[in-house]
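Report on the following structure.
The values are calculated or read from the model by the stated rules, or taken from the named source; none is laboratory data. Keep in mind the model is a prediction, meaning the values are calculated, not measured. Please note: Cβ atoms are built from the backbone with ideal geometry, for glycine as well, and neighbour counts cover all protein chains shown.
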Amino acid sequence: MNIRYLGLVLIWFPGVLHAQSAAQSCSAPKLDGGFFAPKQETYSHGTELSYTCDTGRKPVVKGWWATSTCQTGKWSHTPQCIDEAACLPPEMPNAKYTENQNGWYEDGHMIRITCEKGYEPKDQDVTAICRSGTWSSVSVCERSIQVCGEPPKIPHAVIIDQEYQEVFAVDSEVQYECEDGYTVEGADSKKSILCIAGNWTEGPPCSCNKFQLKMNTC
């Protein structure tokens, strides 16, 4: 009788493991016009460095110094020193504008602002200009008086085909569907309501259908 033994052979490839480990590390950034610490040639995943900039320059993020973290071979933001007269992206809730690929804007750069659906610019100001490191005339997008808030809660119904949101533009329409066993008289189980001049129209209620009433299950 022949007896055979099946074994599992593990082969270790140190070169592969080293390559995977190296892929997680970050090279030292090239920072013109500033310095960073700690000073190393490579940084392991999760390592944080701090940097600051020379007189006349500033970090590409808020503050006179900044931090960046090595995350899977890339810095959370590329350490960079820019002219102190340049502007960082403006903070404008409920607004959109053309973003610069550099992540910052030169002195004198103008952006055009578009308010999100359901909002309108205050005083109709739709532009902003970078001047000496700050934005002038930054638009404020206010909620339009014509929009509606979240749709009213309808007993025994749920809103369908629509993600939850707090603001709906004028003329928005949302559909709701009645719970099983409930229906709208003279219609199927799906109904809709409209946003008109800041208010939602009243939709027909979801009532217990005749079959459920006979079965006394409502």
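Some observations on this one:
- Enumeration of residues in region 36-59 that are small (G, A, S) and part of a loop (DSSP other than H, G, I, E, B): S44, G46, G56
- Some residue of region 125-136 being at pLDDT below 95 and within 27 Å of S172 (Cβ to Cβ): yes
- Looking across region 149-197, the residues that are of a type in the set (G, A, S) and farther than 23 Å from P93 by Cβ come down to A157, G181, G186, A187, S189, S192, A197.
- In region 193-218, the residues that are in contact with a Ser or Thr (Cβ under 6 Å, 6 or more places away or on another chain) and either modelled with pLDDT of 90 or more or exposed (fewer than 12 other Cβ atoms within 10 Å of the Cβ) (or both): I193, L194, C195
- Just so you know, in region 76-99 the residues that are within 20 Å of the chain's Cα centre (by Cα) and in a strand (DSSP E or B) include one that is surrounded by the most Cβ atoms within 10 Å (Cβ to Cβ), and it is A95.
- Residue count, region 121-150 (criterion: closer than 13 Å to G198 by Cβ and either surrounded by 18 or more Cβ atoms within 10 Å (Cβ to Cβ) or among the aliphatic types (A, V, I, L, M) (or both)): 3
- In region 26-81, the residues that are without any contact (Cβ under 8 Å) to a residue 12 or more places away in the chain and over 26 Å from G133 (Cβ atoms): P38, K39
- Contact map, region 149-166: residues that are of a type in the set (S, T, N, Q) paired with residues that are surrounded by 12 or more Cβ atoms within 10 Å (Cβ to Cβ) and assigned to a strand (DSSP E or B), Cβ distance under 7 Å, separation 6+ or inter-chain. Pairs shown: Q162/V174.
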